[in-house]
Amino acid sequence: MDNRTIFRVMDKETTDTLHPDERKAVYLLPRSVVWKQGKVSHEEVLLTEREPQISLAAHEPFVMDSSDGPASLLLDFGYEIHGGIRILAWQDSTGRGAKVRVRFGESVMEAMSEPGGEGNATNDHARRDIHTEIGMMSMNRIGETGFRFVRLDLEEKDVQLSLKSVAGVLVYKDVPYRGSFSCSDPLLNRIWDVGAYTVHLNMQEYIWDGIKRDRLVWVGDMHPETLTIRTVFGADASVAGSLDFIRKETPLPGWMNGMASYTMWYAVIVYDWFLYTGDRAWLKNQEAYLEGISRQLTDCIGADGKDTVTEGRFLDWPSSDKPEAVDAGVQALHRLAADRLHKLFLILGKQELAERCERDVERLGCFPVASGGSKQAAALLVLAGLREAGEMNREILSVGGAQGMSTFMGYYILTARGMAGDYEGCLSCIRDYWGGMLKLGATTFWEDFDINWMEAAAPIDRLPAAGETDVHGTYGAYCYKGYRHSLCHGWASGVTPWLTENILGVRIVKPGCRVLEIKPHLGDLSWAKGTFPTPMGIVRISHKKRKDGSVETKIKAPAGVTVLSGT
């Protein structure tokens, strides 16, 4: 250990076990006071910048006083963040610390909620409803969760508490945004950015599903997340670290996260990540595990070509009560995984394994499947080569626009529609679906969303008026009913890579991005431009629609990257 650091006073036994946290923390002010009750005064000082140090004497404090009844305040920090708050307190009248209840919420109504009940507010995975004591001349951080809103309540009568500040603490991984996207539609630009921000918040030491819940490495969720990460940040170490973690946590013959379908997603992710990075040493480290799961998956194909996995037949939440859709989706996903394993074993020089997986692809293609009317299943059937894109788009995918969409499966639905050439339909769907969340006050994308929820719904950043619906507390299903529903879920970010891949038209042709194809599809847009990070540097792309409908494209690529024009 370098003796010039703070650790110079520690012995080697201690320093050998240190685990550095590479994340950063920044403080941010509340943007507004949403609601208050009782004797609270000078709350406006909480919205102004003040020195982040407590002092002996109080100067213009914010005061909560429960002498005449409850004293409470609800703050809005303007954006969903991961972290907690830091309270600087001058005085409390008890002399032993004022008892304060702190409630974090991803929506106004979650922060106003009581545990359990119809709203289903919980403290699962990260405590968001905390009872604490705040003493005189103190500076304390409280909480670590996903939130935008914070409610403070004095919990005892006849108490006065004087505060200097209540700051949000944003804990995040400090990595640059190397990818970018902008076009002639500001709403699409905002959607691309919010998708990137949603995943960025979930890029902590590992890649999580959600920053409030579950704060776990769910490998299926990671596929759209890793596509977003490579599109926005490039080859971030959190991807390989999370894949290594879940592999070590799942000794064979176990299924990742207890689900066969998520083990299938693992094979797809490994292929896509290698295609992006070209890191053969990393791929070699996955070889033994890939061989093991390939044998397990081969054993789960019936004589008629039907996928026969019995454990963890999960497609996504909205399709969970549709057995025909689940069967079709898992059949397609199994075929996708077999195809990716075939390609990986060819790269690894494992010819016999590659041939077995190729036979699996053929066998899985022999069993007749129907989508059950599900957009999720229909999309995966198209991507797996089991149904034709134009047919599925006409019959299912385009029907009803954003009706029947899914945040997790959104990327795959859009991709299948793009394969049918329906780019204008895709852009309309994006504006309605992801734009619908923004209309409801979202600053990150949600675990689930149905555009029917928008009817008479109050935005999440204010209290509902009479006749309005509390969209957070009212909806949700399965494990995410009511306020347990995560409003910052990485799997909802797939719209971000989709815009880069389809509007900018970026497709990786050879591992390591050494060959890219650029084939734009502007749809109803007049122009689009952006950047795409590769291991060799950043590719700069711009497209402009001419009067005759043709597209003028300009590309600047770094040395080592060959660009094929698809225009």
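Please rank Cys513, Cys366, fewest neighbouring Cβ atoms within 10 Å first, as an exposure proxy.
So the residues, fewest neighbours to most, are Cys366, Cys513.
Mind checking the dipole of segment 1-117: about its Cα centre, +1 per Lys or Arg Cβ, -1 per Asp or Glu Cβ, Debye to the nearest 20?
200 debye
Determine the relative contact order of the chain: mean sequence separation of Cα pairs under 8 Å and six or more apart, normalised by residue count, in whole percent.
Contact order relative to length: 15 percent.
Picking from Val509, Ser486, Gly467, whose Cα lies most toward the positive end of the charge dipole for segment 465-516 (charges on Cβ: Lys, Arg +1; Asp, Glu -1)?
Farthest towards the positive end: Val509.
Hey, got a sec? Which GluC sites (Glu not before Pro) in segment 322-374 land in a DSSP loop and have at most 16 other Cβ atoms within 10 Å?
Listed in order of number, the matching sites amount to none.
What relative contact order, as a whole-number percentage, does segment 26-172 give when Cα pairs under 8 Å and 6 or more residues apart are counted?
39 percent
Are there chymotrypsin sites (Phe, Trp or Tyr not before Pro) in segment 144-230 that DSSP puts in a loop and that have at most 16 other Cβ atoms within 10 Å, and which ones?
Sites meeting the loop and neighbour criteria: Tyr177.
Give the distance, in whole Å, between the Cα centre of segment 1-72 and the Cα centre of segment 272-314.
Distance between centres, Cα-based: 47 Å.
For segment 509-565, what is the percent of antiparallel DSSP beta bridges, rounded to the nearest 5?
Close to 80 percent.
Treating the beta-carbon of each Lys and Arg as +1 and of each Asp and Glu as -1, no other charges, what is the dipole magnitude of the chain about its Cα centre, to the nearest 20 debye?
That gives a dipole near 1680 debye.
Once the Cβ-Cβ distance between Arg141 and Ala466 is put in as r, and R0 is 30 Å, what FRET efficiency do you end up with, to the nearest 0.05?
0.20
Say the dipole of the chain comes from +1 at the beta carbon of Lys and Arg and -1 at that of Asp and Glu; which of Trp282, Gln296, Ile130 then lies farthest toward its positive end?
Highest projection toward the positive end goes to Trp282.
Lys/Arg Cβ at +1, Asp/Glu Cβ at -1, dipole of segment 115-263 taken about the Cα centre: which of Asn140, Gln204, Pro253 is farthest positive-ward?
Farthest towards the positive pole: Gln204.
How large is the direction-averaged shadow of the alpha-carbon convex hull of segment 494-567, in nm²?
With the hull built on Cα positions only, its mean projection is 4.6 nm².
Under the rule of -39500 (n - 2.57) per DSSP H run of 4 or more residues, summed and divided by the residues of the chain, what mean residue ellipticity at 222 nm is obtained, to the nearest 500 deg cm²/dmol?
That comes out to -9500 deg cm²/dmol.
What is the distance in Å between the Cα centres of segment 337-354 and segment 364-426?
Centre-to-centre distance over Cα atoms comes out at 27 Å.
Placing unit charges on C-beta atoms (Lys and Arg positive, Asp and Glu negative, everything else neutral), compute the dipole magnitude of segment 250-387 about its Cα centre in debye, rounded to 20.
Here the size comes out at about 200 debye.
Mind checking the angle between helix 423-439 and the chain's longest principal axis? C-alpha axes, 0 to 90 degrees, to the nearest 10.
20 degrees
To the nearest 10 degrees, how steeply does helix 410-419 sit against the main Cα axis of the chain, on a 0 to 90 scale?
Helix 410-419 and the main axis of the chain meet at about 30 degrees.
In percent, how large is the relative contact order of segment 509-565, given Cα pairs closer than 8 Å and 6 or more residues apart?
36 percent
We did not get these values from a lab; they are worked out from the coordinates using the rules stated. Computed from a predicted structure; not experimentally measured. Ideal geometry is used to build each Cβ from the backbone, glycine not excepted, and the neighbour counts take in all protein chains shown.
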